[in-house]
Amino acid sequence: MANTHTEGTLLENSMTNDNTRRSTARSVLLWYGLAVLIIVFDQISKSAATSLLDYASPVEVTSFFNWTLLHNTGAAFSFLSEAGGWQRWFFVGISALVSLVIAVWIARLPRHFFWQLLALTLILGGAIGNLWDRLVLGYVVDFIQLHYGGYYWPAFNIADSAICVGAVVMVVDSIFGSGKTANANSNASKQPHD
(Lines give C-alpha, C1' and ligand atoms only; values in the text may rest on other atoms or scores of the structure.)
Protein backbone atom coordinates (compact mmCIF):
# COMPACT_ATOMS: atom_id res chain seq x y z
CA MET A 1 0.00 0.00 0.00
CA ALA A 2 2.85 2.39 0.85
CA ASN A 3 4.42 1.64 -2.53
CA THR A 4 1.20 2.70 -4.32
CA HIS A 5 1.13 5.94 -2.31
CA THR A 6 4.75 6.66 -3.27
CA GLU A 7 4.03 5.96 -6.94
CA GLY A 8 1.01 8.27 -6.82
CA THR A 9 3.08 11.03 -5.22
CA LEU A 10 5.81 10.60 -7.83
CA LEU A 11 3.24 10.79 -10.63
CA GLU A 12 1.66 13.92 -9.13
CA ASN A 13 5.09 15.55 -8.74
CA SER A 14 5.99 14.62 -12.32
CA MET A 15 2.74 16.10 -13.64
CA THR A 16 3.27 19.27 -11.58
CA ASN A 17 6.83 19.59 -12.93
CA ASP A 18 5.57 19.13 -16.51
CA ASN A 19 2.91 21.82 -16.00
CA THR A 20 5.47 24.18 -14.44
CA ARG A 21 7.88 23.61 -17.34
CA ARG A 22 5.12 24.26 -19.90
CA SER A 23 4.03 27.40 -18.06
CA THR A 24 7.62 28.64 -17.86
CA ALA A 25 8.22 27.89 -21.54
CA ARG A 26 5.05 29.81 -22.49
CA SER A 27 6.12 32.74 -20.34
CA VAL A 28 9.60 32.80 -21.87
CA LEU A 29 8.09 32.67 -25.36
CA LEU A 30 5.83 35.62 -24.51
CA TRP A 31 8.85 37.69 -23.44
CA TYR A 32 10.76 36.67 -26.57
CA GLY A 33 7.64 37.53 -28.60
CA LEU A 34 7.63 41.03 -27.11
CA ALA A 35 11.32 41.38 -28.06
CA VAL A 36 10.45 40.34 -31.63
CA LEU A 37 7.66 42.98 -31.74
CA ILE A 38 10.18 45.63 -30.69
CA ILE A 39 12.59 44.46 -33.40
CA VAL A 40 9.84 44.51 -36.06
CA PHE A 41 8.58 47.96 -35.02
CA ASP A 42 12.16 49.24 -34.98
CA GLN A 43 12.93 47.86 -38.45
CA ILE A 44 9.66 49.14 -39.95
CA SER A 45 10.28 52.61 -38.51
CA LYS A 46 13.87 52.66 -39.84
CA SER A 47 12.69 51.52 -43.26
CA ALA A 48 10.04 54.25 -43.32
CA ALA A 49 12.57 56.88 -42.24
CA THR A 50 15.00 55.74 -44.93
CA SER A 51 12.28 55.87 -47.59
CA LEU A 52 10.67 59.15 -46.56
CA LEU A 53 13.54 61.31 -45.33
CA ASP A 54 16.52 62.84 -47.09
CA TYR A 55 19.83 62.13 -45.38
CA ALA A 56 20.81 64.76 -42.76
CA SER A 57 17.90 67.06 -43.73
CA PRO A 58 15.82 67.79 -40.62
CA VAL A 59 12.04 67.79 -40.90
CA GLU A 60 10.66 69.91 -38.07
CA VAL A 61 7.83 68.28 -36.14
CA THR A 62 7.77 70.62 -33.12
CA SER A 63 10.02 73.35 -31.78
CA PHE A 64 12.12 70.67 -30.01
CA PHE A 65 11.68 67.57 -32.19
CA ASN A 66 12.82 66.73 -35.73
CA TRP A 67 12.84 63.72 -38.00
CA THR A 68 16.45 63.57 -39.22
CA LEU A 69 17.85 60.56 -41.08
CA LEU A 70 21.43 59.79 -40.01
CA HIS A 71 23.70 56.74 -40.20
CA ASN A 72 25.73 55.84 -37.11
CA THR A 73 28.74 53.58 -37.69
CA GLY A 74 29.75 53.93 -34.04
CA ALA A 75 28.06 53.12 -30.76
CA ALA A 76 25.89 55.30 -28.55
CA PHE A 77 26.35 59.01 -29.30
CA SER A 78 28.48 58.04 -32.35
CA PHE A 79 31.30 56.72 -30.15
CA LEU A 80 34.06 55.34 -32.45
CA SER A 81 32.13 56.38 -35.58
CA GLU A 82 35.37 57.59 -37.21
CA ALA A 83 37.41 54.49 -36.30
CA GLY A 84 37.93 53.25 -39.85
CA GLY A 85 35.55 50.29 -40.12
CA TRP A 86 36.85 47.75 -37.60
CA GLN A 87 34.29 48.97 -35.07
CA ARG A 88 31.44 47.46 -37.12
CA TRP A 89 32.51 43.89 -36.35
CA PHE A 90 33.54 44.80 -32.82
CA PHE A 91 30.03 46.13 -32.09
CA VAL A 92 28.42 43.19 -33.91
CA GLY A 93 30.35 40.79 -31.66
CA ILE A 94 29.56 42.71 -28.47
CA SER A 95 25.87 43.05 -29.43
CA ALA A 96 25.55 39.37 -30.32
CA LEU A 97 27.20 38.27 -27.07
CA VAL A 98 25.12 40.64 -24.92
CA SER A 99 21.93 39.55 -26.71
CA LEU A 100 22.73 35.89 -26.08
CA VAL A 101 23.44 36.53 -22.40
CA ILE A 102 20.20 38.49 -22.01
CA ALA A 103 18.17 35.80 -23.81
CA VAL A 104 19.54 33.15 -21.42
CA TRP A 105 18.97 35.48 -18.45
CA ILE A 106 15.31 35.92 -19.47
CA ALA A 107 14.88 32.14 -19.76
CA ARG A 108 16.37 31.52 -16.29
CA LEU A 109 14.87 34.42 -14.37
CA PRO A 110 11.96 33.44 -12.11
CA ARG A 111 8.62 34.49 -13.60
CA HIS A 112 7.65 36.70 -10.65
CA PHE A 113 10.46 39.16 -11.54
CA PHE A 114 8.09 40.94 -13.93
CA TRP A 115 9.89 44.30 -14.08
CA GLN A 116 13.31 42.73 -14.58
CA LEU A 117 11.89 40.55 -17.34
CA LEU A 118 10.31 43.58 -18.98
CA ALA A 119 13.56 45.56 -18.73
CA LEU A 120 15.64 42.72 -20.17
CA THR A 121 13.14 42.17 -22.97
CA LEU A 122 13.22 45.85 -23.97
CA ILE A 123 17.03 45.81 -23.94
CA LEU A 124 17.12 42.55 -25.92
CA GLY A 125 14.72 43.85 -28.60
CA GLY A 126 16.66 47.09 -28.94
CA ALA A 127 20.04 45.38 -29.04
CA ILE A 128 18.95 42.97 -31.76
CA GLY A 129 17.27 45.77 -33.74
CA ASN A 130 20.54 47.70 -33.90
CA LEU A 131 22.57 44.49 -34.37
CA TRP A 132 20.52 43.75 -37.49
CA ASP A 133 21.36 47.19 -38.91
CA ARG A 134 25.07 46.69 -38.30
CA LEU A 135 25.05 43.25 -39.91
CA VAL A 136 22.98 44.19 -42.96
CA LEU A 137 23.85 47.86 -43.53
CA GLY A 138 27.14 48.41 -41.74
CA TYR A 139 25.62 51.26 -39.71
CA VAL A 140 22.63 51.96 -37.48
CA VAL A 141 19.79 54.04 -38.90
CA ASP A 142 18.88 56.93 -36.57
CA PHE A 143 16.05 59.35 -37.29
CA ILE A 144 14.67 60.88 -34.07
CA GLN A 145 16.29 64.12 -33.02
CA LEU A 146 15.52 66.22 -29.94
CA HIS A 147 16.86 69.73 -29.48
CA TYR A 148 16.42 72.84 -27.39
CA GLY A 149 17.89 76.32 -27.70
CA GLY A 150 20.46 75.29 -30.29
CA TYR A 151 21.58 72.21 -28.34
CA TYR A 152 20.96 68.89 -30.10
CA TRP A 153 20.73 65.49 -28.50
CA PRO A 154 22.35 62.85 -30.74
CA ALA A 155 19.84 61.27 -33.12
CA PHE A 156 18.41 57.93 -32.04
CA ASN A 157 15.83 55.30 -33.04
CA ILE A 158 13.18 52.98 -31.58
CA ALA A 159 15.79 50.35 -30.64
CA ASP A 160 17.81 52.95 -28.71
CA SER A 161 14.61 54.06 -26.97
CA ALA A 162 13.78 50.48 -25.97
CA ILE A 163 17.29 49.99 -24.58
CA CYS A 164 17.10 53.24 -22.57
CA VAL A 165 13.62 52.54 -21.21
CA GLY A 166 14.73 49.00 -20.33
CA ALA A 167 17.79 50.34 -18.50
CA VAL A 168 15.67 52.83 -16.54
CA VAL A 169 13.14 50.11 -15.61
CA MET A 170 16.01 47.87 -14.47
CA VAL A 171 17.56 50.60 -12.29
CA VAL A 172 14.21 51.59 -10.76
CA ASP A 173 13.35 47.93 -10.15
CA SER A 174 16.73 47.25 -8.56
CA ILE A 175 16.12 50.12 -6.14
CA PHE A 176 12.41 49.72 -5.40
CA GLY A 177 11.09 46.59 -7.03
CA SER A 178 10.87 42.85 -7.30
CA GLY A 179 14.57 42.23 -6.69
CA LYS A 180 14.37 43.81 -3.23
CA THR A 181 11.17 41.90 -2.42
CA ALA A 182 12.66 38.60 -3.56
CA ASN A 183 15.89 39.24 -1.61
CA ALA A 184 13.93 40.16 1.52
CA ASN A 185 11.82 37.01 1.20
CA SER A 186 14.93 34.92 0.57
CA ASN A 187 16.73 36.37 3.61
CA ALA A 188 13.64 35.91 5.78
CA SER A 189 13.40 32.24 4.83
CA LYS A 190 17.07 31.69 5.77
CA GLN A 191 16.63 33.07 9.29
CA PRO A 192 15.97 30.58 12.09
CA HIS A 193 12.39 30.36 13.26
CA ASP A 194 11.50 30.36 16.97
I need every pair where a residue in the stretch 90-108 that is over 18 Å from residue 36 (Cα atoms) and in a helix (DSSP H, G or I) has its Cβ under 8 Å from the Cβ of a residue that is open to solvent by 40 Å² or more (accessible area, probe 1.4 Å) and modelled with pLDDT of 95 or more, sequence separation at least 6 or different chains. 92/135
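Going by the structure shown, is residue 94 hydrophobic (A, V, I, L, M, F, W, C), under 30 Å from residue 25 (Cα atoms) and within 12 Å of the chain's Cα centre (by Cα)? Please lay out each step first, then the result.
Values: hydrophobic (A, V, I, L, M, F, W, C): yes; under 30 Å from residue 25 (Cα atoms): yes; within 12 Å of the chain's Cα centre (by Cα): no.
Judged against the criteria, residue 94 is not a match.
Go through the residues of the stretch 179-192 one by one and say whether even a single one is more than 30 Å from residue 21 (Cα to Cα), of a type in the set (Lys, Arg) and either modelled with pLDDT under 95 or in a loop (DSSP other than H, G, I, E, B) (or both).
Of the stretch 179-192, the ones more than 30 Å from residue 21 (Cα to Cα) are 192.
Checking which are of a type in the set (Lys, Arg) leaves us with none.
No: zero hits.
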Any chance you could count how many residues in the stretch 60-93 are touching a helix residue (DSSP H, G or I) at 6+ places or on another chain (Cβ under 8 Å), at pLDDT below 90 and open to solvent by 40 Å² or more (accessible area, probe 1.4 Å)? 4
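Condition check ((1) of a type in the set (A, V, I, L, M, F, W, C); (2) touching a Leu at 6+ places or on another chain (Cβ under 6 Å); (3) surrounded by fewer than 16 Cβ atoms within 10 Å (Cβ to Cβ)) across all residues:
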position	(1), (2), (3)
108	no, no, yes
114	yes, no, yes
121	no, yes, no
127	yes, no, no
133	no, no, no
137	yes, no, yes
141	yes, no, no
Open to solvent by 70 Å² or more (accessible area, probe 1.4 Å), among the small types (Gly, Ala, Ser) and over 23 Å from the mean Cα position of the chain (by Cα): does that describe residue 57? no
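The values are calculated or read from the model by the stated rules, or taken from the named source; none is laboratory data. Everything numeric in this text was worked out from a predicted model, so none of it was measured. Because the Cβ atoms are built from the backbone with ideal geometry, glycine has one as well, and the counts that use them run over all protein chains shown. For accessibility, only protein heavy atoms count, side chains too; no ligands or nucleic acids. Shrake-Rupley method; radii C 1.70, N 1.55, O 1.52, S 1.80 Å.
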